[in-house]
Amino acid sequence: MREPRITADIVWFGVPDRAIAAQAEALAATIADWHGRVVVHSSGALGSGELGALRRLGAKAVSAHPLMTFVPGVRTHLEGVGFALEGDAAAVRVVRAILADLGAESFRIQPRHKAAYHAWGMFASPLLIALLALTERVAQAGGVGPKAARRRMLPILRRTLENYAEHGAAPAFSGPIIRGDPETLRKHLRVLKRIEGAEAAYRALAQAALRYLPAKNRKALERALRT
């Protein structure tokens, strides 16, 4: 039986997070010399240490994670997408050059920051979609079906994102909290009790708004959220 060979200078692991280390160890067990090669994985939460089995055999390792969403049936272009790079300097240089050729951007990240970085991405896309799904349920309570809700929400969603992109979070913030209107919050909370998960999500997001965004009449708003 012939010994397996890898002739590529760069080996990029496209496997689930839980399989990265095991796959690296499997390759290390069959191919002994990794000097001169770069090994890459694209986990957002895990560091380049997952490729330690190959690093010990001479490879340079790096994790390269795109801050972008990928869903079935949608072709996503990488131009302008930021990749978080963590690992050996030589491997970072190689991957950075590849990303530049694709029109992507890159930035360095420390291993200790990867979990927080990945949670940031979770807030930016998957949890945002979860919020929009919940928003459709709130629209249904107001007599608007999901398809109509999605269509009618798009103008306010687009304007909100444009305001955020152009001016940042605080200048893009609007509504009863910035106006200091606790009675409106109470009305919202009463009706949201009828929708599973909506009241808790509303309270959590409103409390975050009070921590990080401008608001009038803060004490009265805090009392309304505690009620």
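The values are calculated or read from the model by the stated rules, or taken from the named source; none is laboratory data. Since the structure is predicted, the reported quantities are computational estimates derived from the model, not experimental observations. Quick reminder, even Gly has a Cβ in these numbers, built from the backbone with ideal geometry, and neighbours come from all protein chains shown.
Could you check the stretch 62-82 and list, in sequence order, the residues that are out of contact with any helix residue (DSSP H, G or I) (no Cβ under 9 Å at 6 or more places or on another chain) and either part of a loop (DSSP other than H, G, I, E, B) or in contact (Cβ under 8 Å) with a residue 60 or more places away in the chain (or both)?
Listed by number, the residues that qualify are PHE70, VAL71, PRO72, GLY73, VAL74, ARG75, THR76, HIS77, GLU79, GLY80.
Which residue out of THR76, THR69 is β-branched (Val, Ile, Thr) and within 12 Å of the chain's Cα centre (by Cα)?
Just a single option satisfies the conditions, and that option is THR69.
Filter the stretch 126-143 down to the residues that are within 8 Å of the chain's Cα centre (by Cα) and within 15 Å of MET153 (Cβ to Cβ) and list them by number.
none
Determine, yes or no, whether ARG96 is in a loop (DSSP other than H, G, I, E, B) and without any contact (Cβ under 8 Å) to a residue 40 or more places away in the chain.
no
Taking the condition of being surrounded by 14 or more Cβ atoms within 10 Å (Cβ to Cβ) and farther than 21 Å from ASP17 by Cβ, how many residues in the stretch 57-82 meet it?
The qualifying residues number 1.
May I ask you to list the residues in the stretch 83-108 that are in contact with a helix residue (DSSP H, G or I) (Cβ under 8 Å, 6 or more places away or on another chain), surrounded by 19 or more Cβ atoms within 10 Å (Cβ to Cβ) and of a type outside the set (Gly, Ala, Ser)?
The answer is PHE83, LEU85, GLU86.
Could you list, in sequence order, the residues of the stretch 209-227 that are over 14 Å from GLY175 (Cα atoms), under 29 Å from the mean Cα position of the chain (by Cα) and among the aliphatic types (A, V, I, L, M)?
Selection gives LEU225 alone.
From LEU54, LEU46, grab the single residue that is under 15 Å from the mean Cα position of the chain (by Cα), surrounded by 21 or more Cβ atoms within 10 Å (Cβ to Cβ) and either free of Cβ contacts under 8 Å to residues at least 40 places away in the same chain or closer than 21 Å to ALA19 by Cβ (or both).
Residue meeting the stated conditions: LEU46.
Identify all residues within the stretch 4-18 that are of a type in the set (A, V, I, L, M) and in a loop (DSSP other than H, G, I, E, B); write none if there are none.
ILE6, ALA8, VAL15
Quick one: how many residues across the stretch 147-173 are surrounded by 13 or more Cβ atoms within 10 Å (Cβ to Cβ), over 23 Å from the mean Cα position of the chain (by Cα) and free of Cβ contacts under 8 Å to residues at least 12 places away in the same chain?
1
Only residues that are over 14 Å from the mean Cα position of the chain (by Cα) and loosely packed, with under 13 Cβ neighbours inside 10 Å: list them for the stretch 109-125, please.
Hits for the stretch 109-125 are GLN110, ARG112.
Residues that are basic (Lys, Arg), over 18 Å from ALA204 (Cβ atoms) and in the same structural domain as LEU192 (by TED's automatic domain parsing): which helices (runs of 4 or more DSSP H) entirely in the stretch 115-176 hold 3 or more of them?
Once the helices (runs of 4 or more DSSP H) in the stretch 115-176 are filtered for at least 3 residues that are basic (Lys, Arg), over 18 Å from ALA204 (Cβ atoms) and in the same structural domain as LEU192 (by TED's automatic domain parsing), what remains is 146-167.
Of the residues that make up the stretch 13-20, is at least one loosely packed, with under 12 Cβ neighbours inside 10 Å and not charged (D, E, K, R)?
Yes, the stretch 13-20 has at least one match.
Taking the condition modelled with pLDDT under 95 and farther than 28 Å from GLY58 by Cα, does HIS77 pass?
When the stated conditions are applied, HIS77 passes them.
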